[in-house]
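Right, one structure below, let's go through it.
The numbers here are math on the coordinates, done by the rules we state, and not lab data. Computed from a predicted model, the values in this text were never measured in an experiment. We place every Cβ from the backbone using ideal geometry, glycine too, and count neighbours over all the protein chains shown.
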Ligand SMILES: C[S@@+](CC[C@H](N)C(=O)[O-])C[C@H]1O[C@@H](n2cnc3c(N)ncnc32)[C@H](O)[C@@H]1O
């Protein structure tokens, strides 16, 4: 079913949004219905992206570099990267997320950003065309719970990175640290019944194990997502994580959420 929203066409079926080139479609299960139908809410939710990208820039130095941002979503990470890098390409499979990013790119009139339709399973980039491949709240979340197939997809992704990234470059993937699945209230939210507990329990621990097995090192940083008002926090962070997070925000009159993030990196083995 396809219907209209102010930000473009929306569908409840991921398959409708891929269309042509079915051989290049992302793995089943990576078309999360939330991203497909509410890209605007996701964009408002991702309030800590500026601080997160700044922390990674401090570690890896983006100045003068060409970056590939995989799982670029509504472009939050891509536009922040573009403040530091020479050029950034955002790779995103799903049309509503990418359409949102392209629309914003038009209004920002940036000349050092492009968005490409694609998925990490099939990266359409030439050998040695990037200095770094980065992913914010993207790789490897789609693959971690997919067993042997997920492990193979991770290895294939790294082989592609080794082909695409120039010698001396790295692959950098950023997500929450174990126990911080929903930011600072995670222990409270996971300690009782409720939807947030069931959905988000401990995935970051599994991500850590998956990344370590693939040869990634890691460092942790703290960042804060500031929503500016309790209402904005409830409408975005609360919308995503459910009733108990809304209770938490209202009880604590909370305008911002603190996060411990894990920055995973692996130097490429260039070919
Ligand atoms: C949590 S969002 C992160 C967006 C952005 N990086 C940010 O920091 O705001 C993850 C994005 O990964 C995309 N995605 C899902 N499966 C993917 C795949 N197989 N390859 C690349 N991106 C994928 C989703 O559509 C979604 O837009």
Subject >> Zero-based 5 Å bins, Cα pair distances in segment 33-131, whole percents >> reply: 3, 13, 24, 25, 21, 11, 3, 0
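May I ask for the Rg/Rh ratio of segment 43-96, computed from Cα atoms with Rh as the Kirkwood radius, given to two decimals?
Numbers: Rg = 10.9 Å, Rh = 11.4 Å.
Rg/Rh for segment 43-96 comes to 0.96.
Taking other Cβ within 10 Å of each residue's Cβ, how do 153, 68, 110 sort, fewest first?
Numbers: 153 20, 68 26, 110 17.
Ranking 153, 68, 110 by Cβ neighbours within 10 Å, fewest first, gives 110, 153, 68.
Mind jotting down a quarter of the surface of the convex hull over the alpha carbons of segment 98-226, in square nanometres, one decimal?
Values: hull surface 40.7 nm².
Average of the hull's projected areas for segment 98-226 equals 10.2 nm².
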**OP:** Multiply the residue separation of residue 212 and residue 108 by 0.36 nm, subtract the distance between their alpha-carbon atoms, and state the gained length in nm to one decimal.
**Re:** 33.7 nm
Original post:
Pick from 24, 108, 67: which residue has the top mean-square fluctuation in a GNM of the chain where Cα pairs under 10 Å get a spring?
Top reply: 108
Original post:
How much mean residue ellipticity at 222 nm does the chain get from its helices, if each DSSP H run of length 4 or more adds -39500 (n - 2.57) and you divide by all residues, to the nearest 500 deg cm²/dmol?
Top reply: -10000 deg cm²/dmol
**OP:** Would you mind computing, in nm to one decimal, how far apart the modelled labels at residue 27 and residue 83 are, each placed 7 Å from Cα along Cα→Cβ?
**Re:** 3.3
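Based on the Cβ-Cβ distance from residue 224 to residue 202, what FRET efficiency comes out when R0 is 22 Å, to the nearest 0.05?
Calculated value: 0.45.
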Original post:
At what distance in nm do the modelled label points of residue 163 and residue 232 sit from each other, each positioned 7 Å from its Cα along Cα→Cβ?
Top reply: 4.3
Original post:
Taking the Cα atoms only, what angle lies between the long axis of helix 147-164 and the longest principal axis of the chain, rounded to 10 degrees?
Top reply: 50
**OP:** Once you have a ≥ b ≥ c as the square roots of the Cα gyration tensor eigenvalues for segment 67-118, tell me rounded if a/c is under 1.5, and otherwise prolate or oblate according to whether a/b is larger than b/c.
**Re:** oblate
Original post:
Under the classification rounded if a/c is under 1.5, otherwise prolate if a/b is larger than b/c and oblate if not, where does the chain fall, given a ≥ b ≥ c as square roots of the Cα gyration tensor eigenvalues?
Top reply: rounded
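So if each residue of separation counts as 0.36 nm, and I subtract the Cα-Cα distance between residue 128 and residue 16, what length gain in nm does that give? List each step's numbers first, then the result.
Values: separation 112, 0.36 × 112 = 40.32 nm, distance 3.31 nm.
Residue separation times 0.36 nm, minus the Cα-Cα distance, leaves 37.0 nm.
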